[in-house]
1. Under 5 Å between amide H atoms, partner at least 5 residues away or on a different chain: which partners does residue 66 have, H built in plane at 1.01 Å?
2. Share of the stretch 15-122's accessible area from carbon and sulfur, percent, 1.4 Å?
3. Through the Karplus equation 6.51 cos²θ - 1.76 cosθ + 1.60, θ set to phi - 60°, convert the phi angles of the stretch 54-61 into ³J(HN,Hα) values in whole Hz; use x for Gly and Pro.
4. Let me know the shape class of the stretch 1-136, please: from the alpha-carbon gyration tensor, a ≥ b ≥ c as square roots of the eigenvalues, rounded when a/c is under 1.5, otherwise prolate if a/b is greater than b/c, or oblate.
Amino acid sequence: MFASLYDLVEQKVNIWVVRAAVVVLNVPVIVLAMQAPDILQVYLLADMLACATILPVLCGLSARLNFIHWIDALVGCFGGIISVGVFGQVYLGNRHDGWRLLLLDGGLYVDDERVLGAFCFAPVGSLVFMFFFAGLRMGVTRLLDRRQYRYELPAGTYSSTSNSGASFSENDLTLNATNKQNTLA
């Protein structure tokens with residue numbers, strides 16, 4: 001965790017600040033692990049967080065969704081977690097029990113469908129939050145007449161896909177045509 005956090009700040013922050021941040025970030029994890037009655041609950045919590053964050057991360061890696069900024073994906077990840085709490089509040093009827101659904105206190109085997117609903121609403125909520133925030137961000141930048149942010153692919157990495165599924169760039173195609181002409185001459 002230390003190395004990834006140090007790379008995240010691009011080595012521009014003092015190393016002792018990063019080490020202190022790692023200690024501070026690990027305190028809630030240790031407290032949660034000490035309060036969990038069984039290891040299954042800890043794994044369910046990790047699965048819930050993964051379920052809420054995987055789709056925005058994968059959408060951010062897609063070349064077709066190059067308008068997704070990293071902040072949109074981050075808002076989508078937090079939105080997935082928030083959507084689980086909102087689902088629990090609506091499904092269970094009160095705010096306290098609804099937000100405790102994030103911790104999955106009853107475990108996996110409960111009498112109703114709250115766990116299934118939480119695992120279904122987490123990825124849907126994360127996508128809704130991500131695309132809503134991306135649209136909001138693009139609308140505000142257009143309103144302020146600023147340049148839209150889009151990831152650009154390096155030249156010659158992807159331009160078309162053949163029927164076999166292999167991707168070729170235009171540079172490869174022109175290079176192959178030139179080589180064929182040279183061999184025929």
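1. none
2. Carbon and sulfur atoms account for 71 percent of the accessible area of the stretch 15-122.
3. Result, ordered by residue: 6, 5, x, 5, 5, 5, x, 8 Hz.
4. Numbers: a/c = 2.40, a/b = 1.22, b/c = 1.98.
Oblate.
The values are calculated or read from the model by the stated rules, or taken from the named source; none is laboratory data. Computed from a predicted structure; not experimentally measured. Note: areas computed on protein heavy atoms with side chains; ligands, DNA, RNA excluded. Shrake-Rupley method; radii C 1.70, N 1.55, O 1.52, S 1.80 Å.
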